[in-house]
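To start, the structure under review is shown below, and the notes come after it.
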Amino acid sequence: MTYPLRKIVFPAAGMGTRFLPATKAIPKEMLTIVDKPLIQYGVEEALEAGLSEVMIVTGRGKHAIEDHFDISAELENNLRRAGKDAVYDRISRIARMANVAYIRQKQALGLGHAVLCAAPWVGNEPFGVSLADELILGETPAMQQLRAIHEATGASVIALAEVSPQDTHKYGIVKAHDDNGRLRLTSMIEKPAADYAPSNLAIIGRYIFTPGLFERLQRTRPGMNGEIQLTDAINELARDEEVYGVVIKGQRFDAGNPGGFLAANALLGLQHPEYGEQLKVSLRPLL
Ligand code: UTP
């Protein structure tokens, strides 16, 4: 029996240490690009790609994420009474746009472990995984680009981007070859130095997996940094099943580090229909 793709997991239980002190009391996933938190961009992208069931893996100090996707009756009533219809529409839509479920990762034992926490909810279906701190903007949502290959093959698919040799140590880097016009992945290494990188193709935080990933995750022992690494389980999966890669078309910001986050805010701020012009005028004399 094959299942249609409808579920997506957002691991959001990490510590966000690269953003301290901002993330001491605020989840990294709630940091805003202009006026919207990162996780909302991710959920909207998934919905646009036709996934409708959302699981967010949370942990200590992550309540703000749950509040964000809840109905805030008091706020909505106030906006309505004040006649702020446009803001009311934007706000009320957030709580109603998706079915969102939550599960706790009791300890931040790694990205692989966070995905494994969602296994009982996913069951025996293919599922997406999205890291909200990778912001990807494009005409075709990144998840949709993965979905097209998953639907053609029934296989796991991983989003990739070309990176320069000096950046390979920041990413999982894949070994890939052409397989009838598709990019077949055979192995991957976590954060290699340029000399050890098998390619310049980096894994960038969007995935579709067959449920076979979970049994590999269950067997995965702590690896780099003592964490259960998703990359190790994908390597195991790629030994037994086809795993494809797709170089994503679109503009990508590694908003999980402050440099990429600031670049995303600067660019989206300058392009913003309401604040963009004002921002240009304010910045011009300073640059
Ligand atoms: P990151 O490594 O980018 O997030 O993990 P982090 O650990 O929060 O950030 P730094 O490195 O300390 O600055 C990628 C994604 O996986 C989640 C994070 O929340 C992030 O969305 N994650 C990571 C978990 O859910 N659990 C973990 O144990 C680790």
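The values are calculated or read from the model by the stated rules, or taken from the named source; none is laboratory data. What you see is a predicted model; the values in this text were computed from it and never measured. Every residue, glycine among them, receives a Cβ derived from its backbone with ideal geometry; neighbour counts consider all protein chains shown. The area values use the complete protein model at the heavy-atom level, side chains included, leaving out ligands, DNA and RNA. Shrake-Rupley method; radii C 1.70, N 1.55, O 1.52, S 1.80 Å.
Quick one: which residue in A13, A22, A73 is within 13 Å of the ligand (Cβ to nearest atom), open to solvent by 10 Å² or more (accessible area, probe 1.4 Å) and more than 23 Å from A263 (Cα to Cα)?
On the way: A22 fails: more than 23 Å from A263 (Cα to Cα); A73 fails: within 13 Å of the ligand (Cβ to nearest atom).
The match here is A13.
Would you confirm whether or not region 147-156 contains a residue that is within 15 Å of the ligand (Cβ to nearest atom) and open to solvent by less than 10 Å² (accessible area, probe 1.4 Å)?
Within region 147-156, the subset within 15 Å of the ligand (Cβ to nearest atom) is none.
No.
Quick one: which of R93, R104 is free of Cβ contacts under 8 Å to residues at least 12 places away in the same chain, open to solvent by 50 Å² or more (accessible area, probe 1.4 Å) and not hydrophobic (A, V, I, L, M, F, W, C)?
Sole residue among the options that is free of Cβ contacts under 8 Å to residues at least 12 places away in the same chain, open to solvent by 50 Å² or more (accessible area, probe 1.4 Å) and not hydrophobic (A, V, I, L, M, F, W, C): R93.
Among the candidates N200, N235, which residue alone is farther than 22 Å from T2 by Cβ, polar (S, T, N, Q) and surrounded by fewer than 18 Cβ atoms within 10 Å (Cβ to Cβ)? Steps first, please.
Working: N235 fails: surrounded by fewer than 18 Cβ atoms within 10 Å (Cβ to Cβ).
Just a single option satisfies the conditions, and that option is N200.
From A152, A142, A132, grab the single residue that is of a type in the set (A, V, I, L, M, F, W, C) and out of contact with any strand residue (DSSP E or B) (no Cβ under 8 Å at 6 or more places or on another chain).
Numbers: A142 fails: out of contact with any strand residue (DSSP E or B) (no Cβ under 8 Å at 6 or more places or on another chain); A132 fails: out of contact with any strand residue (DSSP E or B) (no Cβ under 8 Å at 6 or more places or on another chain).
Among A152, A142, A132, only A152 is of a type in the set (A, V, I, L, M, F, W, C) and out of contact with any strand residue (DSSP E or B) (no Cβ under 8 Å at 6 or more places or on another chain).
Please specify each residue of region 207-230 satisfying the condition of being surrounded by fewer than 22 Cβ atoms within 10 Å (Cβ to Cβ) and part of a helix (DSSP H, G or I).
G212, F214, E215, Q218, R219, M224, N225, G226 - these are the residues of region 207-230 that are surrounded by fewer than 22 Cβ atoms within 10 Å (Cβ to Cβ) and part of a helix (DSSP H, G or I).
Got a number for residues in region 25-47 being aliphatic (A, V, I, L, M) and surrounded by 23 or more Cβ atoms within 10 Å (Cβ to Cβ)? Steps first, please.
Of region 25-47, the ones aliphatic (A, V, I, L, M) are 25-26, 30-31, 33-34, 38-39, 43, 46-47.
Filter once more, keeping what is surrounded by 23 or more Cβ atoms within 10 Å (Cβ to Cβ): 38-39, 43, 46.
The total comes to 4.
Give region 49-70 a look and list any residue that's open to solvent by 50 Å² or more (accessible area, probe 1.4 Å) and among the charged types (D, E, K, R), or say none.
R60, D67, D70 - these are the residues of region 49-70 that are open to solvent by 50 Å² or more (accessible area, probe 1.4 Å) and among the charged types (D, E, K, R).
Specify which of the listed residues (T186, T210, T168, T220) is in contact (Cβ under 8 Å) with a residue 24 or more places away in the chain and within 29 Å of E44 (Cβ to Cβ).
The unique qualifying residue is T210.
Being closer than 21 Å to K36 by Cβ and not in a helix (DSSP H, G or I) is the filter here, so list the residues in region 266-287 that pass it.
Of everything in region 266-287, those that are closer than 21 Å to K36 by Cβ and not in a helix (DSSP H, G or I) turn out to be H272, P273, E274, Y275.
For region 100-109, check the following and say yes or no: at least one residue is away from the ligand (no atom under 14 Å from the Cβ) and of a type outside the set (V, I, T). Lay out the reasoning, then the answer.
First pass over region 100-109, keeping only residues away from the ligand (no atom under 14 Å from the Cβ): 100-101.
Going one step further and asking which of them are of a type outside the set (V, I, T), we end up with 101.
Yes - at least one qualifying residue is present in region 100-109.
Quick one: which residue in T210, T168 is modelled with pLDDT of 95 or more and closer than 26 Å to G50 by Cβ? Reasoning before the result, please.
Numbers: T168 fails: closer than 26 Å to G50 by Cβ.
It is T210.
Is it the case that region 76-87 has a residue that's open to solvent by less than 30 Å² (accessible area, probe 1.4 Å) and touching a Gly at 6+ places or on another chain (Cβ under 9 Å)? Outline the logic, then answer.
In the first step, residues of region 76-87 are kept if they are open to solvent by less than 30 Å² (accessible area, probe 1.4 Å); the result is 76, 79.
Still in the running and touching a Gly at 6+ places or on another chain (Cβ under 9 Å): none.
No, region 76-87 has no match at all.
Working only within region 188-206, note down all residues that are of a type outside the set (A, V, I, L, M), part of a strand (DSSP E or B) and at pLDDT 95 or above.
Step one: filter region 188-206 for residues of a type outside the set (A, V, I, L, M), giving 190-192, 195-196, 198-200, 205-206.
Right, trim to part of a strand (DSSP E or B) and you get 190, 205-206.
Hits for region 188-206 are G205, R206.
When region 27-70 is examined, which residues are found to be out of contact with any Gly (no Cβ under 7 Å at 6 or more places or on another chain), in a loop (DSSP other than H, G, I, E, B), more than 14 Å from the ligand (Cβ to nearest atom) and not small (G, A, S)?
D35, F69, D70
What do you reckon, is L262 open to solvent by less than 50 Å² (accessible area, probe 1.4 Å) and either of a type in the set (V, I, T) or part of a helix (DSSP H, G or I) (or both)? Full working, then the answer.
Values: open to solvent by less than 50 Å² (accessible area, probe 1.4 Å): no; either of a type in the set (V, I, T) or part of a helix (DSSP H, G or I) (or both): yes.
Here the answer is no, as L262 does not meet what is asked.
What residue, of A108, A95, A86, A101, is in a helix (DSSP H, G or I) and closer than 23 Å to I26 by Cα? Reasoning before the result, please.
Numbers: A108 fails: in a helix (DSSP H, G or I); A86 fails: closer than 23 Å to I26 by Cα; A101 fails: in a helix (DSSP H, G or I).
Exactly one of A108, A95, A86, A101 is in a helix (DSSP H, G or I) and closer than 23 Å to I26 by Cα, namely A95.
Determine whether region 129-138 contains at least one residue that is surrounded by fewer than 20 Cβ atoms within 10 Å (Cβ to Cβ), within 21 Å of L47 (Cα to Cα) and away from the ligand (no atom under 15 Å from the Cβ). Walk me through how you get there before you give the answer.
If we filter region 129-138 for residues that are surrounded by fewer than 20 Cβ atoms within 10 Å (Cβ to Cβ), which is where we start, we get 137-138.
Next, only the ones that are within 21 Å of L47 (Cα to Cα) stay: 137-138.
In the following step, the residues that additionally are away from the ligand (no atom under 15 Å from the Cβ) were identified as 137-138.
Yes, some residue in region 129-138 is surrounded by fewer than 20 Cβ atoms within 10 Å (Cβ to Cβ), within 21 Å of L47 (Cα to Cα) and away from the ligand (no atom under 15 Å from the Cβ).
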